[in-house]
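Participant: Below is one structure. I have some questions about it.
The values are calculated or read from the model by the stated rules, or taken from the named source; none is laboratory data. Since we're looking at a predicted model, the values are computed, not measured. Here the Cβ positions follow ideal geometry from the backbone for every residue, glycine too, while neighbour counts run over all protein chains shown. SASA here: full protein model, heavy atoms, side chains in, ligands and nucleic acids out. Shrake-Rupley method; radii C 1.70, N 1.55, O 1.52, S 1.80 Å.
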Amino acid sequence: CVTGPATVIQAVAAGRRAAEAIDSYLMRGYVQESHIDYSCSRGSLEDLPKWEFEHFPKLERAKMPAISLKEREGNFKEVELGLSEEAAREEARRCLRCGCTQRYNCDLRREASEHDIVFEKPIHERPYIPIVEDHPFIIRDHNKCISCGRCIAACAEVEGPDVLTFYMKHGRQLVGTKSGLPLRETDCVSCGQCVNACPCGALEARSEKGKVFRAINDPTKTVVAFVAPAVRSVVSSHYGIPYDKASGFMAGLLKKLGFDKVFDFSFAADLTIVEETTEFLNRVANKGVMPQFTSCCPGWVNFVERRYPELIPHLSTCKSPQQMMGATVKNHYAKLAGINKEDLYVVSIVPCIAKKYEAARPEFAPDGIRDVDAVLTSLEMMRMAELKRIDTSTIEPQEFDEPYRQVSGAGILFGASGGVAEAAMRMAVEKLTGKVITDHLDFEEVRGFEGLKEATIQANGTTVRVAVVSGLRNAEPIIEKILQGVDVGYDLIEVMACPGGCICGAGHPVPEKVGTLEQRQQVLINIDKISTYRKSQENPDILRLYEDFYGEPNSPLAHKLLHTHYHP
Ligand code: HC1
Ligand code: SF4
């Protein structure tokens, strides 16, 4: 780890070797990712290749050839990049400078090289526009924007909040907010679908890889990772792993990345079901505020808080599985393992950008110590494996760690739209009838990609009407009716912000072809089918956690650590 002064490196270099060198510093925790500018679109060709060191008092602002980065003050080892200045300059010249983030892994650039295409400096360089950082996790770089409007459509038509628009400034068409307010102050729900839609890297999610690498490299920290249900769906396709091996592969990959403990947060999905279904049945029995809405999607929670605060009493008070897992690890696991909370670094790995926002909320940092210290998207996790040059063909499958090893198929289903409702129905039927159910566990009517799906269960004289919504714009007609006092005919409503649920989260790779999302959904359905436990309430590790720690569902301790309140 770094022993020297704080480092800010601006790499105005585009050579492949140069980029690899920066990656290696990042991986070893020498530099923070937010301080690295990988872009090859900003420096002029005259600047290339050049390393600029800023705010690094002991190093001169030096113009160095790309072939070496000398050891200075014991901070860096010399790196032989093996690329002559001329060769690096040539390589940079071939970069199309479209502004994307692919850098050296670019098909277009490869083609350009193969056909000996050289791009000359344009006669007119457009003036540089400062990067807009008006949201904690979404960054806009108009220098890369090609005005395609895909981000605006994603916000309005895919997700629904509809907060983005084009506007003109200094003769340029830029993307901003409709209200003119900074993005963080609008109804932006932080889902990140705009980032996912951007084809050229003009919109980026703030990455947390650098700080996670630093924690891994810090010998005083025990670094724990837990991985969301939907992540295995892309792990399966990205690495070509069969669905029944995906969970074990993920655990092996995370260990190889250097995490000390790895948990599956489908376990926390099980915990959520036990807490949330208990809350729901209490509302039914005590004529509480109905219908009850799920609260595990932070994009949806942000939407309610920002646009429909009157709906807050309908939201389940349950924290999301991410925050339940964080609170459980920081309180239960820390005690069990005899580790100070301050020395436990907890990383969640999810398909979602809103979860970065959620983990950073002040109410989830009791006494200033965050329950979840960093959130990586599945893309970031896969990039970390690349940075570490992990040969994934050599990954040994592993089990997740105790004491949260067992997960149910119901918890895995959370990753696709309908999964939360299906898991809740598997528990509600048993609680209402007092009988253990062994068949009819599949509620296929709530699976799939329709914006609104419905199911009804009858149990012991009680009828429970369930709706499943994905895509926030599909929730608005129901919300409007509830706010007008109309009975919408549902008791329990699952809402996930992204169409199809988390398998379509913006932290996943952009779906490559028709059928990609269906394949991701199928991975989760298949894993549920072969699971030893298919109901959250029968997960033995959950039962033991209640016995040893929480007492019973909705107990005072469970309320303290697993439930939350919302902010209008
Ligand atoms: Fe999701 Fe959830 S399912 S919200 O989509 O309830 O991100 O996978 O992790 O918290 O468990 C996301 C996925 C995720 C939570 C769970
Ligand atoms: Fe995040 Fe899933 Fe909600 Fe999308 S649906 S915002 S990925 S939690």
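Participant: With every protein chain left in place, what is the accessible area per residue of segment 124-254 in square angstrom, probe 1.4 Å?
Facilitator: Counting only protein heavy atoms, the per-residue value for segment 124-254 is 40 Å².
Participant: If you average over every viewing direction, what projected area does the convex hull of the Cα atoms of segment 208-288 give, in nm²?
Facilitator: 7.8
Participant: Something else now. Rounded to a whole number, what is D in µm²/s for segment 426-567 from Stokes-Einstein with the Kirkwood radius over alpha-carbon pairs (37 °C, 0.692 mPa s)?
Facilitator: 183
Participant: Principal axis extents for segment 265-418, Cα atoms only, whole Å, descending order, please.
Facilitator: Result for segment 265-418: principal-axis Cα extents of 55, 34, 33 Å.
Participant: Also, quick follow-up: How many percent of all Cα-Cα pairs in segment 369-475 sit more than 23 Å apart?
Facilitator: 52
Participant: Dividing the convex hull volume of the Cα atoms of segment 516-568 by its residue count, what figure in Å³ per residue is obtained?
Facilitator: Working: hull volume 6.5 nm³, N = 53.
That works out to 123 Å³ per residue.
Participant: With unit charges on the beta carbons (Lys and Arg positive, Asp and Glu negative) and the dipole taken about the Cα centre of segment 177-254, which residue among 242, 192, 177 sits farthest to the positive side?
Facilitator: Checked the options; the winner is 242.
Participant: Sort all Cα-Cα distances of segment 162-203 into consecutive 10 angstrom bins from zero, then give the percent of pairs in each bin up to the one containing the longest distance.
Facilitator: With a bin width of 10 Å, the distribution comes to 27, 54, 19, 0.
Participant: Please work out the average accessible area per residue across segment 474-568, using the 1.4 Å probe convention, and give it in Å². List each step's numbers first, then the result.
Facilitator: On the way: 4410 Å² over 95 residues.
So segment 474-568 comes to 46 Å² accessible per residue, rounded to a whole number.
Participant: If you don't mind, another one. Arranged from highest to lowest average of other beta-carbon atoms within 10 Å per residue, in what order do the peptides 539-552, 477-490, 424-437, 366-379 appear?
Facilitator: Working: 539-552: 16.4, 477-490: 13.9, 424-437: 18.2, 366-379: 20.3.
Final packing ranking: 366-379, 424-437, 539-552, 477-490.
Participant: Something else: Express the carbon and sulfur contribution to the solvent-accessible surface of segment 459-568 as a percent, rounded to the nearest whole number, probe 1.4 angstrom.
Facilitator: 52
Participant: Once fully extended, how much extra length lies between residue 544 and residue 394, figured as 0.36 nm per residue of separation less the alpha-carbon to alpha-carbon distance?
Facilitator: Value of the extension gain: 50.5 nm.
Participant: For 456, 392, what's the largest-to-smallest order of accessible area, 1.4 Å probe?
Facilitator: The residues order as 456, 392, largest area first.
Participant: Could you state the number of Å between the C-alpha centres of segment 182-221 and segment 406-474?
Facilitator: 32
Participant: Hey, can you rank 556-564, 495-503 by average C-beta count inside 10 Å, highest first?
Facilitator: 495-503, 556-564
Participant: Ignoring ligands, DNA and RNA, please state the percent of accessible area on segment 241-351 from carbon and sulfur, probe 1.4 Å.
Facilitator: Of all accessible area on segment 241-351, carbon and sulfur atoms account for 54 percent.
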